[in-house]
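Trainee: Before I ask anything, let me first share the structure, which is written out below as structure tokens.
Here, each number is a calculation from the coordinates, and none is a lab measurement. Computed from a prediction, not measured in an experiment: that's the story for all the values here. Please note: Cβ atoms are built from the backbone with ideal geometry, for glycine as well, and neighbour counts cover all protein chains shown.
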Amino acid sequence: MADSTKIESHLNEDRKFPPAEAFAKQARIPSMKRYKELYDQSIADPEAFWAAEASELHWQKKWDTVLEWDAPFAKWFVGGKLNVSESCVDHHLQGARKDKKAIIWEGEPGEVRTLTYQELHKEVCRFANALKANGVKVGDRVIIYMPMVPEAAIAMLACARIGAVHSVVFGGFSAESIKDRIEDSGATAVITADGGFRRGGVVALKANVDEALTKVETIQKVIVLERTKNEVAMVEGRDVWWHDAVADVSTDCPAEAFDSEHPLFILYTSGSTGKPKGIMHTSGGYLTGTYATSKYIFDLREDDVYWCTADVGWITGHSYIVYGPLANGASILMYEGAPNWPEPDRFWQLVEKHRATILYTAPTAIRAFIKWGDEHVDKHDLSSLRLLGTVGEPINPEAWMWYHEKIGGGRCPIVDTWWQTETGAIMLTPLPGATPTKPGTATLPFFGVDAAILDEEGNEVGPNEGGKLVIRKPWPSMLRTIYGDEGRYKETYWGEYEGIYLAGDGARRDEDGYFWIVGRLDDVLNVSGHRLGTAEIESALVSHESVAEAAAVGRPDEIKGQGVVAFVTLKEGYDAGPELRDTLRAHVGKVIGAIAKPDVIRFTEALPKTRSGKIMRRLLKEICSGSGAISGDTTTLEDFSVVASLQAGEDE
Ligand code: PRX
């Protein structure tokens, strides 16, 4: 763990952008005065705030109690019954929204498909019946490993409809990662596709599933969507084509009512050990959180074309492509492929073609666009855009300014949203018609969110003092546990301060009370807005026959935010060299997925360790960032010559 007393921030940002008057005038929350009023009320009585939001959703039975809080275990809307897919889809079939586009999808090769709410309803019901016909029951865990196609959302909603618990695995993850998630969740079915299009090629999803399934035994059915028509092996009795599975089933699938606390999904994310955590979210509270945040933060209007560029494999895709926007009856733009395929202007082409009004993306993407050059943006008419958002990591003020001017034409508010897989919904954010924004900060807490920054003793720190970001009151979309590991849930999030949620981020508040995220407190990296545990990368390296020991650290990266540097000591008899470097990078790609591949692998005779044998990652971090000078305390270091030789680059 990094020493949080050393959290410092040297950013000094004094540019401030009040919301444009035209935007504020028509916004739900049109002023800071109104935000403060509502925020104060929501903190004085969070249950009243959340209950009012929840009552805008469709419930089959209203709850008896808003919150039962037996720290750290929360139950929201206890006694309430709903069907999440019904609230997201059927609920909009009464009036004009029936024929409104729910999903506007564009594949990487360029084909466009739209589904109205009514059509989406039909597809969800059919697939829900297909799942049932293939033996999927209430409470069963189902892995979804899909490209970004409408069927990914349909599969999620169909699971929700029949009370099965989905666990979406990002399509960039490896067979090994799928296997781990199946094992941990005890899943019985997999929904996948023959492949997905990415940068003109085909990602062989089904082949990865097949490889994973050679090592696990719980999976009984694999449903395979035909997307790319590449050849795949189908195992008799186990594998079924999606189109065959839905061919003979009814389009009528009544929405059974489930308890508000019925599990909706498990999503795996990295922590500070080698084993990803299965973050568990439930139904009524999660939907309330994603619904309310989508409504206020994107200030959704009936005619918006809302585009969140995340993949459904991440929490952003769950909360802000599928559940939050659909609960609001929004039109969602969904894109399958890479932002620079066939040319680096693809995103801007999509905005222009589909007249997107809201764009929610990640700082890493924005940095890549800047690098690719303004000419790709200049070719397109982006005047449809009225609101921009970012998520995933702190945004550099320069990237923020470019986004504001170049993409937003200076007129669109930017909502920099801080949240986590665990929080389920956005926690810190500007409200676009109210909050004056400053480049680089997620500004202020959303309604009902009691965020603070504490020191080691649990005292709130003063302005511009660093500390640990916490949430002091439960909120409806909070994780309920780590699947199968209550101990880790308690220890990771609630172990530091009694009854207070520890986010794992270091932060400070400025003189306006705005929150600035400084970075993670644990051994978790943020690569292109995605969390990677250093321990996971190390385990992957050590699982290769040549590796004796490995340490992974992050170093600043212009595009990705952080890149991975791995220090590796080899077993006797293996030759350090470029060939082995390539082999090890490929090996990490195979064990975890391409995003975890180290940018640099440095072979070394030994790793710097404390006298008790702990690897001193802090020193390695200093060696590979900036000047390479060691500034911290090295008195516990066992052998300084190790550091000296690494500094001298003798390993390279
Ligand atoms: O460190 C924070 C960073 O991303 C972490 C959460 O990662 P994950 O669970 O993968 O979810 C990402 C998408 C919600 C946080 O602990 N982070 C996320 N958003 C921001 C951020 N850091 C600074 N500013 C943000 N807006």
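Trainee: Counting other beta carbons within 10 Å of each residue's own, what order do His262, His281 fall into, fewest first?
Mentor: On the way: His262 19, His281 28.
Fewest-to-most ranking of His262, His281: His262, His281.
Trainee: When N is the residue count of the chain, what does its C-alpha Rg come to as a fraction of 2.2 N^0.38 Å?
Mentor: Values: Rg = 24.2 Å, N = 652, 2.2 N^0.38 = 25.8 Å.
Compared with the compact-globule rule of thumb, the chain sits at 0.94.
Trainee: A follow-up question, please. How do Ser612, Ser283 rank when sorted from fewest to most other Cβ atoms within 10 Å of their own Cβ? If you can, show how the numbers build up before the last one.
Mentor: Numbers: Ser612 7, Ser283 26.
Final ranking by Cβ density, sparse to dense: Ser612, Ser283.
Trainee: Quick check of the Kirkwood formula: for region 524-648, what is the inverse mean of 1/r over all pairs of different Cα atoms, in Å?
Mentor: 14.7 Å
Trainee: Still on this structure, please answer the following. Which FRET efficiency value, to the nearest 0.05, do you get for His243 and Lys33 by plugging their Cβ-Cβ distance into 1/(1 + (r/R0)^6) with R0 = 60 Å?
Mentor: Numbers: r = 55 Å, r/R0 = 0.92.
The computed FRET efficiency comes out at 0.60.
Trainee: Next question, about the same structure. Modelled label-to-label distance, Ser55 and Ala133, 7 Å Cα→beta-carbon offset: nm?
Mentor: Distance between the two pseudo-spin positions: 4.2 nm.
Trainee: Please give the length that would be gained between Glu545 and Thr610 if that part of the chain were fully extended, namely 0.36 nm times their separation in residues minus their C-alpha to C-alpha distance (nm, one decimal). Walk me through the numbers before you get to the answer.
Mentor: On the way: separation 65, 0.36 × 65 = 23.40 nm, distance 2.58 nm.
So the extension gain works out to 20.8 nm.
Trainee: For Glu13 and Trp69, what is the calculated FRET efficiency with R₀ set at 51 Å and r taken between the beta-carbons, to the nearest 0.05?
Mentor: Numbers: r = 37 Å, r/R0 = 0.72.
The calculated FRET efficiency here is 0.90.
Trainee: Turning to a different aspect of this structure: Sum -39500 (n - 2.57) across every DSSP H segment of at least 4 residues in the chain, then divide by the residue count to get the 222 nm mean residue ellipticity, nearest 500. Please list the in-between numbers first.
Mentor: Details: 20 runs with 182 residues, N = 652.
The helix contribution divided over the chain gives -8000 deg cm²/dmol.
Trainee: Let me ask something else about it. Can you tell me the length gained on complete extension of the stretch Ser384 to Ala20, counting 0.36 nm per residue apart and subtracting the Cα distance? Intermediate results must be reported in sequence, preceding the final value.
Mentor: Working: separation 364, 0.36 × 364 = 131.04 nm, distance 1.58 nm.
This chain segment gains 129.5 nm when fully extended.
Trainee: Let me ask another. If I take R0 = 60 Å and measure r between the Cβ atoms of Phe640 and Gln349 in this structure, what FRET efficiency does the formula 1/(1 + (r/R0)^6) give, to the nearest 0.05?
Mentor: Details: r = 55 Å, r/R0 = 0.92.
That gives a FRET efficiency of 0.60.
Trainee: Going by Cα centres, region 64-122 and region 404-422 are how many Å apart?
Mentor: 24 Å
Trainee: Lys371 label point, 7 Å along Cα→Cβ, cut-off 11 Å on backbone N: hits in region 551-568?
Mentor: Residues 557-563 fall inside that zone.
Trainee: Amide H to amide H under 5 Å from Leu333: which residues, 5+ apart in sequence or cross-chain, H placed 1.01 Å off N in plane?
Mentor: Those qualifying (amide H under 5 Å, at least 5 residues apart or on another chain) are Ile104, Tyr306, Trp307, Cys308.
Trainee: Restricting to the chain, compute how many DSSP beta bridges are antiparallel as a %, nearest 5.
Mentor: Working: 60 of 99 bridges.
Here the antiparallel bridges make up roughly 60 percent for the chain.
Trainee: Still on this structure, please answer the following. Scan around Thr437 for amide H atoms under 5 Å from its own, H built in the peptide plane at 1.01 Å from N, and keep only partners 5 or more places away or cross-chain.
Mentor: Placed amide hydrogens put Phe17 under 5 Å from Thr437.
Trainee: Right, here's the next one. Taking the beta-carbon count within 10 Å as an exposure proxy, list Arg617, Arg113, Arg161 from fewest neighbours to most. Working shown, then result.
Mentor: Numbers: Arg617 19, Arg113 13, Arg161 27.
In increasing order of surrounding Cβ atoms, one gets Arg113, Arg617, Arg161.
Trainee: For each cysteine in the chain, check whether another cysteine's C-beta sits under 4.7 Å from its C-beta; list those where none does.
Mentor: Cys88, Cys159, Cys308, Cys412, Cys624
Trainee: Under the 0.36 nm per residue contour assumption, what length would be gained going from the current alpha-carbon distance of Lys98 and Val235 to full extension?
Mentor: Numbers: separation 137, 0.36 × 137 = 49.32 nm, distance 3.91 nm.
Extending this stretch completely gives an extra 45.4 nm.
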